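J.: Could you have a look at this structure, given as structure tokens, before my questions?
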Amino acid sequence: MQFQIDSMTCGGCARSVTKAIQSVDAAAQVTVDIPTHTVQVQTTAPQAAVVAALEEAGYPAQAL
């Protein structure tokens, strides 16, 4: 799955986003592209759970 996270603007944001996703699935593979504000996630967790975790962490995400 892929998400647009407009509020992700730096390496610290990217770490927070990764941590939020991995709180749902510790084995999730997360690829962050800061310049385009996108995140690619390989996970077995439901998309809704990933979106909820990102929202709770302060990074509202839009599925692409």
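The values are calculated or read from the model by the stated rules, or taken from the named source; none is laboratory data. What you are looking at is a predicted structure, and each value in this text was computed from that prediction instead of being measured. No Cβ is skipped: glycine too gets one built from the backbone with ideal geometry, and neighbour counts run over all protein chains shown. All accessible areas refer to the heavy atoms of the entire protein, side chains included, with ligands and DNA or RNA removed. Shrake-Rupley method; radii C 1.70, N 1.55, O 1.52, S 1.80 Å.
J.: Do any residues in segment 1-22 that are more than 14 Å from Pro60 (Cβ to Cβ) and open to solvent by less than 60 Å² (accessible area, probe 1.4 Å) have Cβ atoms under 8 Å from those of residues that are β-branched (Val, Ile, Thr) and not in a loop (DSSP other than H, G, I, E, B), where the two are at least six apart or on different chains, and which pairs are they?
T.: As it stands, the answer is Ala14/Val32; Thr18/Val30; Thr18/Val32, since those pairs meet every condition given.
J.: Let me ask something else. Consider Gln29 carefully, then state whether it is within 22 Å of Gly12 (Cβ to Cβ), touching a residue at least 12 places away in the same chain (Cβ under 8 Å) and open to solvent by 50 Å² or more (accessible area, probe 1.4 Å).
T.: yes
Let's see how each residue does on (1) touching a Leu at 6+ places or on another chain (Cβ under 8 Å); (2) among the β-branched types (Val, Ile, Thr); (3) at positive phi:
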{"position": "Ile5", "(1), (2), (3)": "yes, yes, no"}
{"position": "Ala26", "(1), (2), (3)": "no, no, no"}
{"position": "Gln47", "(1), (2), (3)": "no, no, no"}
{"position": "Val50", "(1), (2), (3)": "no, yes, no"}
{"position": "Pro60", "(1), (2), (3)": "yes, no, no"}
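J.: Can you work out which of the residues in segment 32-64 that are open to solvent by 90 Å² or more (accessible area, probe 1.4 Å) and of a type outside the set (D, E, K, R) is nearest to the chain's Cα centre (by Cα)?
T.: Looking at the filtered set, the residue picked out is Gln40.
J.: Right, next: With of a type in the set (Gly, Ala, Ser), in a loop (DSSP other than H, G, I, E, B) and at pLDDT 95 or above as the only criterion, which of Ala20, Ala14, Ala27, Ala49 stands out?
T.: Ala27 is the lone residue from the list that is of a type in the set (Gly, Ala, Ser), in a loop (DSSP other than H, G, I, E, B) and at pLDDT 95 or above.
J.: Considering only segment 41-58, how many residues are within 11 Å of Ile5 (Cα to Cα) and either touching a Lys or Arg at 6+ places or on another chain (Cβ under 7 Å) or not hydrophobic (A, V, I, L, M, F, W, C) (or both)?
T.: 2
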